[in-house]
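As C-alpha coordinates, the structure follows; a few thoughts come after it.
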Amino acid sequence: MSGMMRLQRWMVIGNIAKNPTAQEVVQHLTDLGKVVVPVTPKEKPVKSHEGNFDVANLIINPAVGLQAVHDLASMGVKNIWTQPGACSDEIRQACTEKGLNLHEGCVLVEMNAANAKM
(Lines give C-alpha, C1' and ligand atoms only; values in the text may rest on other atoms or scores of the structure.)
Protein backbone atom coordinates (compact mmCIF):
# COMPACT_ATOMS: atom_id res chain seq x y z
CA MET A 1 0.00 0.00 0.00
CA SER A 2 1.28 3.45 -0.88
CA GLY A 3 2.03 5.66 2.12
CA MET A 4 0.19 8.39 0.25
CA MET A 5 -3.10 6.69 1.07
CA ARG A 6 -2.63 7.61 4.72
CA LEU A 7 -2.34 11.33 3.90
CA GLN A 8 -5.37 13.54 4.42
CA ARG A 9 -5.33 16.61 2.17
CA TRP A 10 -5.80 15.79 -1.51
CA MET A 11 -6.05 17.87 -4.67
CA VAL A 12 -7.72 15.94 -7.50
CA ILE A 13 -6.80 17.44 -10.87
CA GLY A 14 -8.86 16.66 -13.95
CA ASN A 15 -11.96 17.64 -15.84
CA ILE A 16 -14.09 17.03 -12.78
CA ALA A 17 -17.47 17.98 -14.28
CA LYS A 18 -17.09 15.80 -17.38
CA ASN A 19 -14.98 12.86 -16.20
CA PRO A 20 -16.95 10.23 -14.26
CA THR A 21 -13.74 8.64 -12.97
CA ALA A 22 -12.56 11.97 -11.56
CA GLN A 23 -15.95 12.43 -9.90
CA GLU A 24 -15.76 8.94 -8.43
CA VAL A 25 -12.25 9.52 -7.08
CA VAL A 26 -13.34 12.79 -5.43
CA GLN A 27 -16.34 11.06 -3.86
CA HIS A 28 -14.35 8.03 -2.73
CA LEU A 29 -11.65 10.11 -1.07
CA THR A 30 -14.30 12.26 0.60
CA ASP A 31 -16.12 9.15 1.85
CA LEU A 32 -12.83 8.01 3.40
CA GLY A 33 -12.67 11.24 5.38
CA LYS A 34 -10.04 12.95 3.25
CA VAL A 35 -10.11 16.70 2.65
CA VAL A 36 -10.47 16.93 -1.14
CA VAL A 37 -10.21 19.93 -3.43
CA PRO A 38 -11.31 19.14 -7.00
CA VAL A 39 -9.46 21.20 -9.62
CA THR A 40 -10.26 21.62 -13.30
CA PRO A 41 -7.22 23.41 -14.78
CA LYS A 42 -9.17 24.80 -17.75
CA GLU A 43 -11.41 26.65 -15.29
CA LYS A 44 -8.86 27.70 -12.69
CA PRO A 45 -5.09 27.12 -12.82
CA VAL A 46 -3.64 24.66 -10.32
CA LYS A 47 -1.29 27.26 -8.86
CA SER A 48 -4.20 29.59 -8.04
CA HIS A 49 -5.49 27.21 -5.35
CA GLU A 50 -4.42 28.10 -1.84
CA GLY A 51 -3.81 25.64 0.96
CA ASN A 52 -1.45 22.92 1.95
CA PHE A 53 -1.95 19.69 0.08
CA ASP A 54 -0.37 16.37 0.98
CA VAL A 55 -1.10 14.68 -2.36
CA ALA A 56 -2.13 15.72 -5.85
CA ASN A 57 -3.96 13.08 -7.87
CA LEU A 58 -3.66 13.57 -11.63
CA ILE A 59 -6.58 12.36 -13.74
CA ILE A 60 -5.69 14.38 -16.80
CA ASN A 61 -3.84 14.34 -20.09
CA PRO A 62 -0.11 14.03 -19.36
CA ALA A 63 0.68 17.20 -21.33
CA VAL A 64 -1.52 19.21 -18.95
CA GLY A 65 -0.33 17.10 -16.03
CA LEU A 66 3.28 18.08 -16.66
CA GLN A 67 2.47 21.76 -16.13
CA ALA A 68 0.49 20.78 -13.03
CA VAL A 69 3.54 18.97 -11.63
CA HIS A 70 5.65 22.11 -12.04
CA ASP A 71 2.96 24.21 -10.37
CA LEU A 72 2.50 21.69 -7.56
CA ALA A 73 6.22 21.59 -6.84
CA SER A 74 6.28 25.39 -6.54
CA MET A 75 3.34 25.13 -4.12
CA GLY A 76 5.25 22.70 -1.90
CA VAL A 77 3.25 19.56 -2.75
CA LYS A 78 5.60 16.59 -2.35
CA ASN A 79 3.40 13.66 -3.43
CA ILE A 80 2.00 13.06 -6.91
CA TRP A 81 -0.37 10.19 -7.67
CA THR A 82 -1.13 9.53 -11.33
CA GLN A 83 -4.14 7.54 -12.45
CA PRO A 84 -3.64 5.09 -15.35
CA GLY A 85 -3.01 7.06 -18.55
CA ALA A 86 -2.11 10.28 -16.72
CA CYS A 87 1.64 9.72 -16.42
CA SER A 88 4.42 10.17 -18.95
CA ASP A 89 8.19 9.96 -19.08
CA GLU A 90 8.27 13.74 -18.80
CA ILE A 91 6.20 13.66 -15.61
CA ARG A 92 8.44 10.94 -14.15
CA GLN A 93 11.52 13.00 -15.00
CA ALA A 94 10.04 16.23 -13.57
CA CYS A 95 9.12 14.45 -10.32
CA THR A 96 12.63 13.03 -10.03
CA GLU A 97 14.28 16.39 -10.75
CA LYS A 98 12.05 18.19 -8.24
CA GLY A 99 12.39 15.52 -5.53
CA LEU A 100 8.70 14.62 -5.60
CA ASN A 101 7.31 11.23 -4.63
CA LEU A 102 5.47 9.68 -7.58
CA HIS A 103 2.98 6.84 -7.39
CA GLU A 104 1.33 5.38 -10.49
CA GLY A 105 -1.91 3.49 -9.95
CA CYS A 106 -5.64 3.69 -9.52
CA VAL A 107 -6.78 5.30 -6.27
CA LEU A 108 -10.09 3.44 -6.38
CA VAL A 109 -8.54 -0.01 -6.82
CA GLU A 110 -5.68 0.47 -4.36
CA MET A 111 -7.72 2.08 -1.59
CA ASN A 112 -10.46 -0.54 -1.90
CA ALA A 113 -7.83 -3.29 -1.69
CA ALA A 114 -6.22 -1.62 1.34
CA ASN A 115 -9.57 -1.24 3.10
CA ALA A 116 -10.45 -4.89 2.42
CA LYS A 117 -7.29 -5.95 4.26
CA MET A 118 -8.20 -3.91 7.35
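The values are calculated or read from the model by the stated rules, or taken from the named source; none is laboratory data. What you are looking at is a predicted structure, and each value in this text was computed from that prediction instead of being measured. Note: ideal-geometry Cβ built from the backbone for every residue, glycine included; neighbour counts use all protein chains shown. With ligands, DNA and RNA removed, areas are computed over all heavy atoms of the protein, side chains included. Shrake-Rupley method; radii C 1.70, N 1.55, O 1.52, S 1.80 Å.
Based on protein heavy atoms only, region 55-118 ends up with 48 Å² per residue of surface accessible to a 1.4 Å probe. What is the log10 of I(q)/I(0) for the chain, computed with the Debye formula using one identical point scatterer on each Cα and no solvent, at q = 0.22 Å⁻¹? Taken in order of the listed q values, log10 I(q)/I(0) reads -1.33. Against the criterion of solvent-accessible heavy-atom surface with a 1.4 angstrom probe, Leu100, Leu66 sort, most first, into Leu66, Leu100. Note on Lys34: aspartates and glutamates with a C-alpha under 16 Å away, same-chain residues under 8 apart excluded, are Glu24, Asp54, Glu110. Using the Kirkwood radius over C-alpha pairs as Rh, can you work out the diffusion coefficient of region 24-75 via Stokes-Einstein at 25 °C, viscosity 0.890 mPa s, in µm² per second? This corresponds to a translational diffusion coefficient of 208 µm²/s.
In the chain the longest region clear of GluC sites (Glu not before Pro) that are loop-assigned by DSSP and have at most 15 other C-beta atoms within 10 Å covers 51-118.
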